[in-house]
Amino acid sequence: MIEKKPPLTIRLCQPRGFCAGVDRAIQIVVLALKKYGAPVYVRHEIVHNRYVVEGLQSLGAVFIEELSEIPPEHRQSPVVFSAHGVPKSVPADAEARNLFYLDATCPLVSKVHKQAMRHQRLGRHVLLIGHAGHPEVIGTMGQLPEGAVTLIETEADAATFVPADPAALGFVTQTTLSVEDTAGIIRALQERFPQLHAPAAESICYATTNRQEAVKETAAGANLYLIVGAPNSSNSRRLVEVAERAGAAMSLLVQRASEIPWDEIGEISTLGLSAGASAPEIIVDEIIDAFRQRFDVTIDLAITATETEDFPVMRVLRDVELTAADMAFVNGAA
Ligand code: SF4
């Protein structure tokens, strides 16, 4: 007798997964490999996802943390800077070493850099709301001279920060923060410093906002919420927190289907599913397949926003054709 599988509704968020900045960064590495051949060096994980990194490694990308790791015989090979952005000292170092670099910094991170520089130009001390040690924070702080930026991580930091001139302050934020937590920190700063200048445009990016909103709308009543993403992916970790706060009974971050803790899950009837901005769709498919093996799955697609953003690669790579097959390792078969 064929055993009947229990029913399971998967509330699948849309939008989820790759954002335009991540897509562009991966395309840059793939196109550089096609145009210049292997090796192509990549400074830091191009995006925070091991699957993506390993896929690019198998195509000939070599991941490094510092430019000094590029051996002299490969000085002609291109080096790509990751989507998170880099301090100004990095392109300067690349130029001093006569390296050919391709900057895959997301245009929305570059926009935050410009906003921070604008505050400084207008004589303001810059407050950067973000997480210490994250490469995006290191990159944004590195746009300005030492001492020009203070990192504010929490409302407690906002309460204790002592400025030289309370009337000359401007803030920017990391692009991948929790929308709610950041609003709390900004409120706390504004109460203390009413003249605090906001950036001319919102720093938290569209992809972060949309993915958090989708999870928020679908979390209530979910027995389990799975977020596909890496532990070092800021936006993915925020999604896990959002799911829990918005009412999911349990919320977990998983990198692959093999990490799903089946014993802990027990009996469930509703699963929420989304993916961080650096998580490939092919893993979302893998996870749905894993549930299909154990449950009679119904997909309930929760469309909360339509994204049309598309960031073109730099001019020097536009003469190389990018095919669906080139990106199949992350997007799955077309
Ligand atoms: S999460 Fe936002 S800022 Fe980061 S790469 Fe994607 S679009 Fe750009």
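The values are calculated or read from the model by the stated rules, or taken from the named source; none is laboratory data. Remember, predicted model here, so these are calculated numbers, not experimental data. Neighbour counts are summed over all protein chains in view; Cβ atoms, including those assigned to glycine, are modelled from backbone coordinates with ideal geometry. We work out accessible area using only protein heavy atoms, side chains counted, and drop any ligands, DNA or RNA first. Shrake-Rupley method; radii C 1.70, N 1.55, O 1.52, S 1.80 Å.
Scanning region 177-190 for residues that are open to solvent by 20 Å² or more (accessible area, probe 1.4 Å) and within 16 Å of the ligand (Cβ to nearest atom) yields a single hit, Val179.
Can you find, within region 91-115, the residue that is surrounded by the most Cβ atoms within 10 Å (Cβ to Cβ) among those that are within 16 Å of the ligand (Cβ to nearest atom) and in a loop (DSSP other than H, G, I, E, B)? Don't jump to the end; show me each part of the working.
From region 91-115, those within 16 Å of the ligand (Cβ to nearest atom) are 102-115; that's our starting set.
Checking which are in a loop (DSSP other than H, G, I, E, B) leaves us with 104-106.
Working: Ala104: 28, Thr105: 20, Cys106: 26.
Per the stated criteria, the residue is Ala104.
Every listed requirement among (1) open to solvent by 30 Å² or more (accessible area, probe 1.4 Å); (2) within 29 Å of Val53 (Cβ to Cβ) is met by Gln174 save one, (1). Considering only residues in region 198-212 that are touching a residue at least 40 places away in the same chain (Cβ under 8 Å) and over 14 Å from Gly276 (Cβ atoms), the one that is surrounded by the most Cβ atoms within 10 Å (Cβ to Cβ) turns out to be Ser203.
Within region 49-70, identify whether any single residue is under 30 Å from Ile268 (Cα atoms), touching a residue at least 40 places away in the same chain (Cβ under 8 Å) and not polar (S, T, N, Q), and answer yes or no. Outline the logic, then answer.
Restricting attention to region 49-70, the residues satisfying the condition of being under 30 Å from Ile268 (Cα atoms) are 49-51.
Okay, now just the ones that are also touching a residue at least 40 places away in the same chain (Cβ under 8 Å), so 49-51.
Those still in the list that are not polar (S, T, N, Q) too: 50-51.
So far as region 49-70 goes, yes, one or more of its residues are under 30 Å from Ile268 (Cα atoms), touching a residue at least 40 places away in the same chain (Cβ under 8 Å) and not polar (S, T, N, Q).
Taking Ser233 as meeting all but one of (1) small (Gly, Ala, Ser); (2) farther than 24 Å from Gly55 by Cα; (3) modelled with pLDDT under 95, write down the number of the exception. Unmet for Ser233, out of (1) small (Gly, Ala, Ser); (2) farther than 24 Å from Gly55 by Cα; (3) modelled with pLDDT under 95: (2). Give the residue that is least open to solvent (accessible area, probe 1.4 Å), with candidates limited to residues of region 240-285 that are of a type in the set (D, E, K, R) and at pLDDT below 95. By that ranking, first place goes to Glu264.
Taking the listed residues Arg11, Arg24, the one that is at pLDDT 95 or above, assigned by the TED database to the domain that holds Arg294, open to solvent by 20 Å² or more (accessible area, probe 1.4 Å) and closer than 27 Å to Ala305 by Cβ is Arg11, with no other qualifying.
Residues in region 116-140 that are within 16 Å of the ligand (Cβ to nearest atom) and either open to solvent by 60 Å² or more (accessible area, probe 1.4 Å) or within 18 Å of Leu189 (Cα to Cα) (or both): Ala116, Leu128, Ile129, Gly130, His131, Ile138. Taking each residue of region 231-248 that is at positive phi and looking for partners that are assigned to a loop (DSSP other than H, G, I, E, B) and more than 15 Å from the ligand (Cβ to nearest atom) with beta-carbon atoms closer than 7 Å, six or more apart or interchain, yields Gly247/Ala220; Gly247/Gly221. Would you confirm whether any residue within region 277-297 is farther than 25 Å from Thr218 by Cα and among the basic types (Lys, Arg)? No, region 277-297 contains no residue that is farther than 25 Å from Thr218 by Cα and among the basic types (Lys, Arg). Ala164 passes every criterion in (1) over 30 Å from Ile282 (Cα atoms); (2) in contact with a helix residue (DSSP H, G or I) (Cβ under 8 Å, 6 or more places away or on another chain); (3) exposed (fewer than 15 other Cβ atoms within 10 Å of the Cβ) apart from (2).
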